[in-house]
Ligand code: ATP
Ligand code: FE2
């Protein structure tokens with residue numbers, strides 16, 4: 001079976017082709033800026049502009065003809081509405097042309113389920129992306145959220161700080177590089193409330209320190225503080241749920257220091273630590289194809305003419321009927 005995956009929820013347009021359990025390609029084209037954050041109109045234009053050529057490239061790289069595609073999976077939720085619509089439009093047009101069904105896939109759940117490629121079996125998931133920061137575990141038909149950010153996602157927090165410091169989008173890797181150059185820890189607000197975390201106080205505090213401290217030291221202290229908060233709530237969830245595995249997901253999980261802190265915590269608890277490769281952590285269409293295939297095999301599909309988007313769907317809104 002050949003599944004085409006399409007991702008377009010925010011900054012990244014992606015196309016992936018999955019044949020059985022093998023990814024024939026996982027291509028993406030990301031909208032970036034040199035200064036400042038995402039401009040919605042520009043991101044949408046970007047997706048519409050790159051879609052066709054990326055699709056052609058995907059077919060060529062995968063060495064398949066388009067009539068071999070059996071089903072198309074697209075990310076229909078959650079995300080920025082105009083970006084979602086750009087992906088939906090592309091998916092719908094192609095599905096009608098190829099006369100194949102569509103499978104609408106929740107982007108956040110795709111970030112989690114792609115963890116299967118690491119062979120994690122029953123993990124607590126620490127999902128750290130741009131818009132989301134959640135501690136999740138699967139239980140009776142849903143991905144349950146045990147803790148989450150009370151304000152902004154950890155990625156958006158890092159990007160917002162970096163934007164004020166004059167760095168472009170995405171800033172996670174740049175802050176990571178700056179942090180490596182420092183060992184000087186500056187005490188910052190540490191906001192864990194029960195199982196939840198909050199970043200806006202930390203963001204304000206960091207912004208006020210810009211210009212008064214070295215950016216390297218601020219980046220280092222930002223990471224040490226924010227990541228410690230994440231690891232604390234993840235560890236508490238593992239203890240309460242009596243789970244012996246931790247799985248990282250989302251773009252911020254690319255950060256080597258976060259991975260290292262997670263690894264240390266797991267070692268101390270005698271738990272196993274899993275993290276997928278980078279190409280499956282940042283936004284990508286491979287994870288959409290992967291989950292789309294599982295859903296399709298359980299009979300979940302829609303007529304392309306009825307395809308829709310759901311910009312605000314939450315992880316725990318989704319009935320997981322394919323497991
Ligand atoms: P969501 O999945 O919640 O809808 P999103 O799709 O924007 O949000 P991802 O693509 O999973 O999120 O992650 C993007 C975030 O990852 C950005 O904030 C970016 O700065 C961050 N990021 C990417 N690489 C790294 C890295 N090496 N270290 C830290 N952060 C990183
Ligand atoms: Fe994402």
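The values are calculated or read from the model by the stated rules, or taken from the named source; none is laboratory data. It should be emphasised that the depicted structure is a prediction, and the values quoted were computed from it without experimental measurement. Don't worry about glycine lacking a Cβ; one is built from the backbone with ideal geometry, like all the others, and counts go over all protein chains shown.
Quick notes on this structure:
Matching residues to (1) under 22 Å from the mean Cα position of the chain (by Cα); (2) closer than 29 Å to residue 82 by Cα:
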| site | (1), (2) |
| --- | --- |
| 218 | no, no |
| 224 | yes, no |
| 236 | no, no |
| 244 | no, no |
| 269 | no, no |
| 300 | no, yes |
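- Within the range 13-35, if we keep just the residues that are surrounded by fewer than 24 Cβ atoms within 10 Å (Cβ to Cβ) and within 14 Å of the chain's Cα centre (by Cα), the residue that is nearest to residue 290 (Cα to Cα) turns out to be 28.
- Condition check for residue 82: away from ligand 1 (no atom under 13 Å from the Cβ), within 29 Å of residue 200 (Cβ to Cβ) and either out of contact with any helix residue (DSSP H, G or I) (no Cβ under 8 Å at 6 or more places or on another chain) or in a helix (DSSP H, G or I) (or both): yes
- Filter pass, residue 310 being assigned to a loop (DSSP other than H, G, I, E, B) and more than 15 Å from the chain's Cα centre (by Cα): yes
- Residue 98 being modelled with pLDDT of 95 or more, out of contact with any strand residue (DSSP E or B) (no Cβ under 6 Å at 6 or more places or on another chain) and away from ligand 2 (no atom under 16 Å from the Cβ): yes
- Residue check, residue 270 under 25 Å from residue 27 (Cβ atoms) and out of contact with any strand residue (DSSP E or B) (no Cβ under 9 Å at 6 or more places or on another chain): no
- Checking each residue in the range 101-118 for being out of contact with any helix residue (DSSP H, G or I) (no Cβ under 8 Å at 6 or more places or on another chain) and more than 14 Å from ligand 1 (Cβ to nearest atom) picks out 104, 118.
- Residue in the range 172-183 that is surrounded by the most Cβ atoms within 10 Å (Cβ to Cβ), counting only those that are more than 16 Å from ligand 2 (Cβ to nearest atom) and part of a helix (DSSP H, G or I): 175
- Looking only at the range 25-39, and only at residues there that are at pLDDT 95 or above and farther than 24 Å from residue 304 by Cα, the one that is nearest to ligand 1 (Cβ to nearest atom): 30
- Only one of the numbered conditions (1) within 12 Å of ligand 1 (Cβ to nearest atom); (2) at pLDDT 95 or above; (3) crowded, with 20+ Cβ neighbours inside 10 Å is not met by residue 169, and that is (2).
- Some residue of the range 65-86 being free of Cβ contacts under 8 Å to residues at least 24 places away in the same chain and more than 16 Å from ligand 2 (Cβ to nearest atom): yes
- Qualifying residue in the range 40-54 (condition: within 20 Å of residue 278 (Cβ to Cβ) and outside any helix (DSSP H, G or I)): no
- The one condition in (1) outside any strand (DSSP E or B); (2) at pLDDT 95 or above; (3) within 16 Å of ligand 2 (Cβ to nearest atom) that residue 14 fails to fulfil: (1)
- Residue count for the range 292-305, restricted to those that are assigned to a helix (DSSP H, G or I) and either free of Cβ contacts under 8 Å to residues at least 24 places away in the same chain or farther than 26 Å from residue 6 by Cβ (or both): 0.
- Of all the listed residues (241, 258), the sole one being in the same structural domain as residue 169 (by TED's automatic domain parsing) and within 16 Å of ligand 1 (Cβ to nearest atom) is 258.
- Test: residue 91 is surrounded by 24 or more Cβ atoms within 10 Å (Cβ to Cβ) and over 19 Å from the mean Cα position of the chain (by Cα): yes
- Among the residues of the range 119-136, those that are away from ligand 1 (no atom under 11 Å from the Cβ) and surrounded by 19 or more Cβ atoms within 10 Å (Cβ to Cβ) comprise 120, 123, 124, 125, 126, 135, 136.
- For the range 292-302, the criterion of being buried (at least 24 other Cβ atoms within 10 Å of the Cβ) and within 16 Å of ligand 2 (Cβ to nearest atom) is met by at least one residue.
- Conditions (1) assigned to a helix (DSSP H, G or I); (2) farther than 24 Å from residue 81 by Cα; (3) outside the structural domain of residue 145 (by TED's automatic domain parsing); number of the one not met by residue 289: (2)
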